[in-house]
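In what follows, a single structure is set out as structure tokens and then discussed.
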Amino acid sequence: MPLGNRVLVANPQFNNPFMDAAEIEVTGRDTGKLAWAAGYSSHGEPVRRIRDKRGRISEVWIAGANVKPASVVAKEIARRYPPRKRRPIP
């Protein structure tokens, strides 16, 4: 969520997603740095967006964490972990 020259990173797993939200200071079109974060987060670490050939955002790097869309993660999980074959019921 943009807020001036900073972007708030919400945590959807919290009851209040903006409680302790990290703040990214925007330094370029697709770059920034963590200006404020709670606890032992990666303060001052770089943040960047990666775009595909069409110019759409395909992934986001927040410090050392690579964030991808849910659909991409679901495909990766399906590829890595195919469904188990069920044992025949005697």
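The values are calculated or read from the model by the stated rules, or taken from the named source; none is laboratory data. Computed from a prediction, not measured in an experiment: that's the story for all the values here. Ideal geometry is used to build each Cβ from the backbone, glycine not excepted, and the neighbour counts take in all protein chains shown.
Remarks
- If the condition is being within 15 Å of Leu34 (Cα to Cα) and of a type in the set (S, T, N, Q), then region 53-69 contributes only Asn66.
- Under the condition of being assigned to a loop (DSSP other than H, G, I, E, B) and either more than 19 Å from Lys68 (Cα to Cα) or in contact with a strand residue (DSSP E or B) (Cβ under 6 Å, 6 or more places away or on another chain) (or both), the residues counted in region 1-15 number 5.
- Tally, over region 16-72, of residues that are charged (D, E, K, R), assigned to a strand (DSSP E or B) and loosely packed, with under 14 Cβ neighbours inside 10 Å: 1
- Residue in region 78-88 that is among the aromatic types (Phe, Trp, Tyr) and either at pLDDT below 85 or outside any strand (DSSP E or B) (or both) present: yes
- The listed residue being under 16 Å from Ile57 (Cβ atoms), modelled with pLDDT under 85 and not polar (S, T, N, Q), out of Pro2, Pro12: Pro2
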